[in-house]
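Trainee: First the structure, then my questions, so here it is.
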Amino acid sequence: MNNEPAQIDSGDFNVQRLVEAVTGLAVFMLDVDGNVASWTSGAQAIKGYAADEVIGRHFSLFFTEEDRRTGKPAETLVSARTNGRIEWHGWRVRKDQSRFFAQVVMDSIRSRTGDVIGFAKVTRDISIQIRIEERARRIIEFSPYAMLMVNGSGVIEMVNIQAERVFGYPREALIGQPIERLMPARYHGRHPCMRTSFLVSPQTRPMGAGRDLHAIRQDGSEFPVEIALNPIETEDGTMVLAAIVDISDRKLKEERIKAALKEKDIMLDEIHHRVKSNLQIVYSLLDLQSSGVEDAVALGLLRESQNRVRSMALIHQMLYEANDFVEVDFAGFLENLVPTLISAYGIDPGRITLFINAAHARLPINEAIPCGLVVNELIANALKHAFPANRPGTIRVDIVNEPGDRVVLSVSDDGIGITNDLDIAESTTLGLQLVTLLAEQLKAEVTINRARPTRIELRFRISQME
């Protein structure tokens with residue numbers, strides 16, 4: 001809009017016909033002295049007066065008492081007559097004396113000869129808009145986050161209380177300053193390009209996703225931050241509202257947690273290393289003891305104990321080497337364990353075929369150790385009893401996952417089978433007693449197939465996945 005006064009002949013000007021249909025605006029005419037010359041339904045809706053209550057009365061009627069005392073109405077007429085058009089915001093008064101905040105535009109109306117013959121006045125009630133804006137301003141002002149409004153040129157236009165606290169500046173020292181003032185010098189070169197890129201396609205998003213960001217306080221100290229960017233459309237173009245969070249405390253806690261976890265890992269590493277070493281010592285002692293034993297039964301018992309110790313030691317060795325103290329690569333464990341059992345019992349590797357189905361099987365250590373001992377006992381039992389008289393055969397170990405975090409572990413063979421009169425749960429042999437006890441520890445359901453093939457199956461739920 002320009003400030004040129006309207007050149008309208010009074011005889012051709014019919015305000016009622018032109019603006020009666022306009023809603024949400026109080027549109028009316030004043031004569032050259034400021035008296036109300038015409039009135040519309042929009043004016044009545046906003047100001048509360050009927051036409052017969054205001055026609056002929058001075059427009060100062062709508063001003064506040066304070067404005068009337070300071071001569072605001074007369075000043076307004078002089079300014080409109082001189083400048084042709086004036087615009088302002090201020091408080092106005094309704095018929096019931098309630099106030100509303102108004103946006104006002106006033107144009108002088110001139111005859112063809114250039115004389116002022118009246119004024120056209122438009123008033124809009126923007127009270128709700130102002131209340132909304134004030135609430136938004138208060139939300140920003142008292143936000144727990146540091147909030148900055150930055151224009152398209154990177155100049156700070158608004159600062160809230162928390163930003164003053166976080167950065168250590170009074171807002172007067174920041175408003176009108178480039179945003180780079182709050183950044184470490186290493187960011188200054190590339191930030192203008194990043195700002196331009198954001199304004200090309202503005203959208204709410206975190207700044208520097210995946211990167212560590214830092215800001216700088218008035219005292220020159222750096223601190224880590226997280227920043228959310230929000231484009232705000234204004235009359236002066238797109239601005240950016242930045243919400244900034246000082247995450248120094250969070251970073252400190254994260255570092256403490258990392259240090260604690262590292263300390264825990266070192267401690268667990270040491271524990272597993274010592275357990276493995278102690279089991280190896282026990283194994284060696286049993287080996288030394290067996291070298292002086294001539295009784296075949298006693299020697300067999302010592303060898304079985306060695307195999308059990310080896311099984312546990314192997315699990316701890318795999319944990320130690322994998323640097324994973326939570327889960328065991330059970331497939332790798334079986335690949336290492338089963339051949340050593342064949343060797344320990346002096347079995348010709350060509351006579352017994354081993355088949356292991358445990359691809360990608362991983363077990364928590366609470367289940368891995370008992371499962372390892374179960375496999376040890378069942379394979380040892382098959383090697384001793386399933387293939388008499390050098391009979392060839394196959395031993396198969398399967399471990400598969402089922403829905404519901406359940407696991408099925410089975411050991412089977414195609415040997416002579418288990419006799420019907422043998423009750424594993426009531427067996428007096430140490431190996432089968434161990435299997436029963438370990439199954440109880442795993443809370444496993446045990447299924448036995450006595451022949452063609454012989455198979456003992458344990459079905460249990462992985463405790464660490466519950």
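The values are calculated or read from the model by the stated rules, or taken from the named source; none is laboratory data. Not measured: the values here are computed from a predicted model. Glycine also receives a Cβ, built like all others from the backbone with ideal geometry; neighbour counts cover every protein chain displayed. To get the accessible areas, we keep the full protein, side chains included, count just its heavy atoms, and leave off ligands, DNA and RNA. Shrake-Rupley method; radii C 1.70, N 1.55, O 1.52, S 1.80 Å.
Trainee: Taking the stretch 382-410, which residues are within 20 Å of S305 (Cβ to Cβ) and open to solvent by less than 50 Å² (accessible area, probe 1.4 Å)?
Mentor: Those that are within 20 Å of S305 (Cβ to Cβ) and open to solvent by less than 50 Å² (accessible area, probe 1.4 Å): A382, L383.
Trainee: Run down F460, F355 and say which single residue is of a type in the set (F, W, Y) and open to solvent by 10 Å² or more (accessible area, probe 1.4 Å). Can you show your working first?
Mentor: Values: F460 fails: open to solvent by 10 Å² or more (accessible area, probe 1.4 Å).
Residue meeting the stated conditions: F355.
Trainee: Being of a type outside the set (D, E, K, R) and within 56 Å of the chain's Cα centre (by Cα): is that true of G48 here?
Mentor: On the way: of a type outside the set (D, E, K, R): yes; within 56 Å of the chain's Cα centre (by Cα): yes.
So G48 fits the description; yes.
Trainee: Here's another thing I want to ask about it. Could you grab the pairs with beta carbons closer than 9 Å, sequence gap of 6+ or different chains, first residue in the stretch 363-377 and more than 16 Å from V411 (Cα to Cα), second one surrounded by fewer than 22 Cβ atoms within 10 Å (Cβ to Cβ) and among the charged types (D, E, K, R)?
Mentor: Sorted first by the residue in the stretch 363-377, then by its partner, the pairs are L363/E327; L363/D329; P364/E327; I365/E327.
Trainee: Identify the single condition in (1) at pLDDT 75 or above; (2) surrounded by 15 or more Cβ atoms within 10 Å (Cβ to Cβ); (3) within 46 Å of the chain's Cα centre (by Cα) that M312 does not satisfy, given that it satisfies every other one.
Mentor: Checking M312 against (1) at pLDDT 75 or above; (2) surrounded by 15 or more Cβ atoms within 10 Å (Cβ to Cβ); (3) within 46 Å of the chain's Cα centre (by Cα), the one that fails is (1).
Trainee: Let me ask you something else. I need a count of the residues in the stretch 245-276 that are acidic (D, E), modelled with pLDDT under 85 and surrounded by 14 or more Cβ atoms within 10 Å (Cβ to Cβ).
Mentor: 1
Trainee: Can you name the number of the only condition in (1) in contact with a Gly (Cβ under 9 Å, 6 or more places away or on another chain); (2) open to solvent by 20 Å² or more (accessible area, probe 1.4 Å); (3) in a strand (DSSP E or B) that V36 fails?
Mentor: In the conditions (1) in contact with a Gly (Cβ under 9 Å, 6 or more places away or on another chain); (2) open to solvent by 20 Å² or more (accessible area, probe 1.4 Å); (3) in a strand (DSSP E or B), V36 misses (2) alone.
Trainee: Could you give every pair whose Cβ atoms fall below 7 Å, whose first residue belongs to the stretch 90-108 and is farther than 17 Å from G34 by Cα, and whose second residue is open to solvent by 50 Å² or more (accessible area, probe 1.4 Å) and hydrophobic (A, V, I, L, M, F, W, C), counting only separations of at least 6 or pairs across chains?
Mentor: R99/W91; F101/W91; F101/I130
Trainee: When F333 is evaluated against the numbered criteria (1) aromatic (F, W, Y); (2) open to solvent by 10 Å² or more (accessible area, probe 1.4 Å); (3) free of Cβ contacts under 8 Å to residues at least 40 places away in the same chain, which criterion, by number, is the only one it fails?
Mentor: Of everything listed in (1) aromatic (F, W, Y); (2) open to solvent by 10 Å² or more (accessible area, probe 1.4 Å); (3) free of Cβ contacts under 8 Å to residues at least 40 places away in the same chain, F333 misses just condition (2).
Trainee: Here's something else I'd like to know. Kindly indicate which of E75, E66, E87 is part of a strand (DSSP E or B), open to solvent by 70 Å² or more (accessible area, probe 1.4 Å) and modelled with pLDDT of 90 or more.
Mentor: Numbers: E75 fails: part of a strand (DSSP E or B); E66 fails: part of a strand (DSSP E or B).
Selected residue: E87, the only one of E75, E66, E87 that is part of a strand (DSSP E or B), open to solvent by 70 Å² or more (accessible area, probe 1.4 Å) and modelled with pLDDT of 90 or more.
Trainee: Let me ask something additional. Taking the residues in the stretch 136-156 that are of a type in the set (G, A, S) and in contact (Cβ under 8 Å) with a residue 60 or more places away in the chain as candidates, determine which candidate is farthest from E180 (Cα to Cα).
Mentor: Filtering the stretch 136-156 for residues of a type in the set (G, A, S) gives 136, 143, 146, 152-154.
Narrowing further to those that are in contact (Cβ under 8 Å) with a residue 60 or more places away in the chain: 143, 146, 152.
Values: S143: 22, A146: 16, G152: 13 Å.
Per the criteria, the residue is S143.
Residue-wise test of (1) assigned to a helix (DSSP H, G or I); (2) modelled with pLDDT of 85 or more.
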{"residue": "I356", "(1), (2)": "no, yes"}
{"residue": "N376", "(1), (2)": "yes, no"}
{"residue": "V411", "(1), (2)": "no, yes"}
{"residue": "G417", "(1), (2)": "no, yes"}
{"residue": "T428", "(1), (2)": "no, no"}
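Trainee: Only one of (1) in contact with a helix residue (DSSP H, G or I) (Cβ under 9 Å, 6 or more places away or on another chain); (2) under 18 Å from E233 (Cβ atoms) fails for I179. Which number is that?
Mentor: So I179 meets the others, but not (2).
Trainee: Consider A242 against the criteria (1) among the small types (G, A, S); (2) more than 28 Å from R138 (Cβ to Cβ); (3) surrounded by 13 or more Cβ atoms within 10 Å (Cβ to Cβ): it satisfies all of them except one. Which criterion is unmet?
Mentor: (2)
Trainee: Still on this structure, I have one more. Take P349 and tell me if it is in a loop (DSSP other than H, G, I, E, B) and open to solvent by 30 Å² or more (accessible area, probe 1.4 Å).
Mentor: Values: in a loop (DSSP other than H, G, I, E, B): yes; open to solvent by 30 Å² or more (accessible area, probe 1.4 Å): yes.
Considered against the rule, which asks whether it is in a loop (DSSP other than H, G, I, E, B) and open to solvent by 30 Å² or more (accessible area, probe 1.4 Å), P349 comes out as yes.
Trainee: Right, another one. Tell me which residues, restricted to the stretch 447-463, are touching a helix residue (DSSP H, G or I) at 6+ places or on another chain (Cβ under 8 Å) and more than 11 Å from D414 (Cα to Cα).
Mentor: Here is the first cut: in the stretch 447-463, the ones touching a helix residue (DSSP H, G or I) at 6+ places or on another chain (Cβ under 8 Å) are 448, 454, 456, 458, 460, 462-463.
Within the stretch 447-463, I448, I456, L458, F460, I462, S463 meet the criteria.
Trainee: Identify, please: which residue in the stretch 221-239 is β-branched (V, I, T) and open to solvent by 50 Å² or more (accessible area, probe 1.4 Å) and is, among those, nearest to L199 (Cα to Cα)?
Mentor: To start, the set of residues in the stretch 221-239 that are β-branched (V, I, T) comprises 225, 227, 232, 234, 238.
Of the ones still in play, those that are also open to solvent by 50 Å² or more (accessible area, probe 1.4 Å) are 232, 234.
On the way: I232: 11, T234: 13 Å.
In this case the residue turns out to be I232.
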